[in-house]
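The values are calculated or read from the model by the stated rules, or taken from the named source; none is laboratory data. Everything quoted here is computed from the prediction, not taken from an experiment. Please note: Cβ atoms are built from the backbone with ideal geometry, for glycine as well, and neighbour counts cover all protein chains shown.
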Amino acid sequence: MTTKQQQHPLRKYSENEQIAYLSVLASLGYIDKDFSEVERKKLDAFLNELQMSDSGRAIIYSAIFNFQHEDRASAIQTINTLQSADLKFTLISDLLLLAYVDKNFSEEERQYIYDIGSKLNITKEQIEVIRNVQENLSKIQDIPSNSEHLKELVKESTSKLAGAGIPVAAIAASGSVFGLSAAGIASGLATLGALVGGGMLAGTVLVVPAIAIASAWGVKKLFDLVWKKENV
């Protein structure tokens, strides 16, 4: 099973939509007043990949140091009108990952992410599930790929997301905006991505959000069946 991380879904959207998304994400640097040179280089690299215009870059970088309430409201409105609801969950996951980069998740950052989530109709409980899953996935890089422990971690993570009505693919695709690998979380996201897209659960985990809360137990059983089949 490959663990190559999925391509970030933002690449499929227009420049205006990309600007809105990245402005909200970059504004987290304004919250904690700390935007490092490493973060800047990673953001530059991603903007180059997106072939972002000079005017778009200016808007995104201004969000880091001067993101006003009306700017945020406009960006949130743009994100909310996107056809894919999954992208909203990817944004929350990216915000959490970015907050973890300096290994100091401040209360200001937490409240900011809660506020963004509420405007996107994502609950605090769902945000905490995503955060908890990311923390669990951070352990994957030190675990052998064929171990039972890894299987249990991935199974538990996926079932938690399913139980909270969170699209698994949306979380698996997050983290590549800044090349984030906070605390090894990227390894875990890549593992989820391998299962969701082109991997052994391709086309299966994607339906989890429709099943919502009742799906958590079913997802665990599904993983058991798939891994049993893989080992036959």
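Across the range 50-66, what is the total count of residues that are surrounded by fewer than 16 Cβ atoms within 10 Å (Cβ to Cβ) and not charged (D, E, K, R)?
Let us first name the residues in the range 50-66 that are surrounded by fewer than 16 Cβ atoms within 10 Å (Cβ to Cβ), namely 51, 53-55, 58, 65-66.
Filter again for not charged (D, E, K, R), leaving 51, 53, 55, 58, 65-66.
Number of matching residues: 6.
Scanning for something β-branched (Val, Ile, Thr), surrounded by 17 or more Cβ atoms within 10 Å (Cβ to Cβ) and touching a residue at least 40 places away in the same chain (Cβ under 8 Å), does the range 118-128 turn up at least one residue?
No; the residues of the range 118-128 include none that is β-branched (Val, Ile, Thr), surrounded by 17 or more Cβ atoms within 10 Å (Cβ to Cβ) and touching a residue at least 40 places away in the same chain (Cβ under 8 Å).
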Which numbered condition residue 137 misses (of (1) crowded, with 22+ Cβ neighbours inside 10 Å; (2) more than 15 Å from residue 31 (Cβ to Cβ); (3) modelled with pLDDT of 80 or more) | (3)
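Can you confirm whether the range 111-133 contains a residue that is polar (S, T, N, Q) and modelled with pLDDT under 85?
Checked against the condition, which is being polar (S, T, N, Q) and modelled with pLDDT under 85, the range 111-133 yields no hits at all.
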Restricted to the range 34-46 and to residues being of a type in the set (D, E, K, R), in contact (Cβ under 8 Å) with a residue 60 or more places away in the chain and assigned to a helix (DSSP H, G or I), the residue surrounded by the most Cβ atoms within 10 Å (Cβ to Cβ) is 39
Residue that is modelled with the lowest pLDDT [pool: residues in the range 46-67 that are within 18 Å of residue 9 (Cβ to Cβ) and hydrophobic (A, V, I, L, M, F, W, C)] = 46
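So, residue 156, is that one modelled with pLDDT of 80 or more and either outside any loop (DSSP other than H, G, I, E, B) or within 16 Å of the chain's Cα centre (by Cα) (or both) or not?
Working: modelled with pLDDT of 80 or more: yes; either outside any loop (DSSP other than H, G, I, E, B) or within 16 Å of the chain's Cα centre (by Cα) (or both): yes.
Answer is yes for this residue.
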Residue 31: passes all of (1) in a loop (DSSP other than H, G, I, E, B); (2) at pLDDT below 80; (3) over 30 Å from residue 163 (Cα atoms) but (1)
